[in-house]
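Enquirer: Would you mind keeping the following structure in view while I ask a few things?
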Amino acid sequence: MYEIILLPALAGLTAQLIKFFVNSNNLKINLSNLAAYSGMPSGHSAMMFSLSTIVGLTEGFDSALFAVTFVMTVLIIRDAVGLRQYLGQHGKTLNLLVKDLDEDKMLDNTYPHLLEKIGHTPLQVFVGSIIGISISLIGFYLIN
């Protein structure tokens with residue numbers, strides 16, 4: 001049963017590490033960027049699709065546990081794509097407003113620069129889901 005925890009963790013970590021090697025992400029290798037909220041591929045998708053896949057393979061795709069993990073996956077991916085991109089738009093707008101009030105140094109010292117890229121695109125989610133499903137399938141068939 002340890003594979004239900006280890007394989008999704010491995011999938012999420014793999015997706016996060018791949019982000020450092022994708023030029024469009026513009027990430028420097030450091031611990032804070034290991035938990036990046038955006039970029040190619042989606043760590044959220046890799047971890048959740050891996051979890052759903054391994055639960056389906058071990059418990060059955062007709063089990064209640066698979067249904068719960070699948071619903072959780074849909075909700076988390078929906079949040080990663082929709083809500084987080086919306087929050088990124090707010091961050092960008094607020095950063096522009098603070099920049100426009102440049103003569104007021106109190107604003108620069110008081111308000112932190114907000115993240116603008118905290119969501120995922122559908123392509124990032126798709127690639128993350130392929131990573132997650134692949135890691136669970138490979139891990140399951142290597143173990144069994």
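Enquirer: For the subset of the stretch 96-144 comprising residues that are aromatic (Phe, Trp, Tyr) and surrounded by 12 or more Cβ atoms within 10 Å (Cβ to Cβ), which member is modelled with the lowest pLDDT?
Expert: 111
Enquirer: Then there's this: Out of the stretch 125-144, which residues are of a type in the set (Phe, Trp, Tyr) and in contact (Cβ under 8 Å) with a residue 60 or more places away in the chain?
Expert: Listed by number, the residues that qualify are 126, 140.
Enquirer: Could you grab the pairs with beta carbons closer than 7 Å, sequence gap of 6+ or different chains, first residue in the stretch 54-68 and free of Cβ contacts under 8 Å to residues at least 12 places away in the same chain and of a type in the set (Gly, Ala, Ser), second one part of a loop (DSSP other than H, G, I, E, B) and exposed (fewer than 15 other Cβ atoms within 10 Å of the Cβ)?
Expert: Close Cβ pairs (under 7 Å, with a partner that is part of a loop (DSSP other than H, G, I, E, B) and exposed (fewer than 15 other Cβ atoms within 10 Å of the Cβ)) do not exist here.
The values are calculated or read from the model by the stated rules, or taken from the named source; none is laboratory data. Computed from a predicted model, the values in this text were never measured in an experiment. Glycine also receives a Cβ, built like all others from the backbone with ideal geometry; neighbour counts cover every protein chain displayed.
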